[in-house]
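The structure under discussion appears below in the form of structure tokens.
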Amino acid sequence: MQCDDDDIVFDGVAPAHVRRALKGATVRAVRRRGKHLWFELDRAPHPLFHFGMTGAFLTPGIAALRLASSPKRVRDDGWPPRFTKIHIRFDDGGELVMTNKRRLGRIRLREDPEREPPISELGFDPLLDLPTPRRFFDLLTGRSAVLKSVLLDQGFAAGVGNWIADEVLYQAGIDPRRRTDSLARDEAERLRRKLGAVVRHAVRVDADKDRFPKSWLFHHRWGKDGAARTAKREKIRFLTVGGRTTAWVPAAQR
DNA sequence: CTCAGTGTTCAGTG
DNA sequence: TCACTGAACACTGA
């Protein structure tokens, strides 16, 4: 195993320590909650990964596929790819690399990942844990903050990022600036169902944007040039909530 | 050249 | 305690 000498991505852990933890260990399971993923080894500590905005796990096959199908020529050459932070070799000959271009990702070691931060502080995962309607309503109305910010809060819902939050609000027809404690039961229920549906669909198509439904706001939100419109020709507006750009459709969101 | 962006996380304020 | 803001992190592409 090889590690980049990157004290940001290796969050408070010496790369040598990570190497020692992995070397000779057996991966019993790979687990995920929200945007965090960890290997359950046959011994502690266990490695925990977060990819930030620009990270990925790559194998030689996937990397080659990516390179071949990339529309523009990538300077991203051979193997291991640029921005490799950790390069793992398995005894069956398999290889796995974690890349992280912007260095917003993290590699950590945990004795008991599920019982320690950051995993222990995450809220429900829309795929693993989607609350009942009643529970969801209570969670939501139990706080008083702007809805968009709460959706982004990993302590509320794990794994919901900026575009998913906007997508869910658009599909549920709710204004991102609303306060959580102002939602009626039926609004909370629409939100809950869309939260599950959007995440499920994105995962089912392997996050392949071309396979997201044409009706999704996602396809239309990027060129924020003031002329942006949805597939139904609705005007898209932009504002900043919680420091993040929020795309929304006044004609469809109350 | 400048700026925003698939994300946290922390310090500081109210 | 909670809610919110701004900054920091590094790189790319428009």
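The values are calculated or read from the model by the stated rules, or taken from the named source; none is laboratory data. Just so it is clear, the model here is predicted, and its values are computed rather than measured. When we count neighbours, we look across all protein chains shown, and the Cβ atoms used for this are built from the backbone with ideal geometry, even at glycine.
Among all residues of the range A:9-20, there is none that is away from DNA strand C (no atom under 16 Å from the Cβ), more than 22 Å from the chain's Cα centre (by Cα), of a type in the set (V, I, T) and farther than 29 Å from A:Q154 by Cβ. Taking the range A:101-197 and the helices (runs of 4 or more DSSP H) fully enclosed by it, the elements with 1 or more residues that are more than 16 Å from DNA strand C (Cβ to nearest atom), of a type outside the set (G, A, S) and in contact with a Phe, Trp or Tyr (Cβ under 9 Å, 6 or more places away or on another chain) are at A:133-141, A:162-172. The residues in the range A:217-245 that are out of contact with any Ser or Thr (no Cβ under 7 Å at 6 or more places or on another chain), in contact (Cβ under 8 Å) with a residue 12 or more places away in the chain and under 25 Å from A:R33 (Cβ atoms) can be counted, and the count is 2.
Residues in the range A:223-254 that are assigned to a loop (DSSP other than H, G, I, E, B), under 18 Å from the mean Cα position of the chain (by Cα) and surrounded by 10 or more Cβ atoms within 10 Å (Cβ to Cβ): A:G242 alone. Do we have A:R254 as out of contact with any strand residue (DSSP E or B) (no Cβ under 7 Å at 6 or more places or on another chain) and under 16 Å from A:A165 (Cα atoms) here? Yes: the conditions hold for A:R254. A:R89 meets the conditions (1) in contact (Cβ under 8 Å) with a residue 24 or more places away in the chain; (2) within 14 Å of DNA strand B (Cβ to nearest atom); (3) not assigned by TED's automatic domain parsing to the domain that holds A:L183 in every case but one. The failed one is (2).
Can you report the number of residues in the range A:93-136 which are of a type in the set (K, R) and within 11 Å of DNA strand B (Cβ to nearest atom)?
Going residue by residue through the range A:93-136, those that are of a type in the set (K, R) are A:101-103, A:106, A:108, A:110, A:115, A:134-135.
Of the ones still in play, those that are also within 11 Å of DNA strand B (Cβ to nearest atom) are A:101-103, A:106, A:108.
Looking only at that region, the number is 5.
Listed conditions (1) of a type in the set (D, E, K, R); (2) surrounded by 13 or more Cβ atoms within 10 Å (Cβ to Cβ); (3) in contact with a Leu (Cβ under 8 Å, 6 or more places away or on another chain) are all met by A:R28, apart from (2).
Taken as a whole, the range A:53-75 holds at least one residue that is touching a residue at least 24 places away in the same chain (Cβ under 8 Å) and among the aromatic types (F, W, Y). Against the definition (within 16 Å of DNA strand B (Cβ to nearest atom), in contact with a Gly (Cβ under 9 Å, 6 or more places away or on another chain) and of a type outside the set (S, T, N, Q)), how does A:V199 come out, yes or no? Yes: the conditions hold for A:V199.
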